[in-house]
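Bear in mind these aren't lab numbers, they're just calculated from the coordinates by the rules spelled out. Every value quoted in this text rests on a predicted model; they were computed, and no experiment measured them. A quick note on method: Cβ atoms are made from the backbone with ideal geometry, for glycine too, and the neighbour counts reach across all protein chains shown.
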Amino acid sequence: MPLISPSLLASDFANLQSEVEMINNSTADWFHVDVMDGSFVPNISFGLPSVKAVAKHATKPLDVHLMIVNPDQYIKAFKAAGAAYLTVHYEACTHLHRTIQAIKAEGMRAGVALNPHTPVNVLEEVINDLDLVLIMSVNPGFGGQSFIEAAIEKTRKLKALITEKGANTLIEIDGGVNTETGARLVEAGADALVAGSFVFKSENPAATIADLKAL
């Protein structure tokens with residue numbers, strides 16, 4: 001039974017409080033909050049005030065995904081805003097080990113995201129320090145994109161690395177997740193699924209979350 005982290009990027013921003021309350025009352029486990037700066041990815045989304053607003057109403061942990069350059073300078077600010085999990089991109093961190101330690105020093109769980117072109121073996125030296133690895137199964141920046149099939153095998157490779165190193169790292173997948181791709185990802189070793197459009201554009205988002213949770 002995977003952890004489900006609905007992505008607020010696909011929610012109705014004009015009714016954000018009611019969307020948050022819907023997730024509070026659903027079988028979802030986390031809130032996935034995408035932060036984009038228009039530089040690391042070609043889009044701009046939630047910033048610190050939005051994260052604080054979500055945290056004020058959320059009764060479940062905030063799973064914050066930073067798609068930004070220089071994430072180190074915002075670690076303390078996202079802790080203050082209410083993040084429980086803070087995920088940075090491998091591709092944005094020159095000194096990844098230091099960044100991971102800085103996240104953990106603030107009392108948050110540390111995650112690293114990998115873009116579709118980045119192999120899992122780049123994490124060999126830090127996998128035991130990580131609480132979470134986020135595999136991007138679309139190119140980051142926009143919701144509603146098509147699932148990249150290579151993510152299935154990538155999940156298997158990451159699971160093998162985690163097992164080999166004796167780590168307790170969770171595998172989370174973000175992009176193009178629905179019940180069909182979700183079932184295959186869970187079979188490949190995924191622990192957590194991020195779903196945006198599939199949840200929020202469905203007729204009954206809470207029922208859709210329950211369907212994903214049942215995979």
Treating the Cα atoms of the chain as identical point scatterers in vacuum, please give the log10 of the normalised Debye intensity I(q)/I(0) at q = 0.10, 0.13, 0.17, 0.18 Å⁻¹, two decimals.
-0.37, -0.65, -1.19, -1.35
CD proxy, 222 nm, the chain: helix-only mean residue ellipticity via -39,500 (n - 2.57) per DSSP H run with n ≥ 4, per residue, nearest 500, stands at -10000 deg cm²/dmol
Local electrostatic count, F147, Cβ distance below 14 Å [Lys/Arg +1, Asp/Glu -1]
-2
Mind counting lysine pairs for me in the chain? Cα separation below 19 Å, and the two need to be 8 or more apart along the chain or on different chains.
12
Counting other C-beta atoms within 10 Å, and keeping those with at most 13, which DSSP coil trypsin sites (Lys or Arg not before Pro) do you find in region 71-161?
none
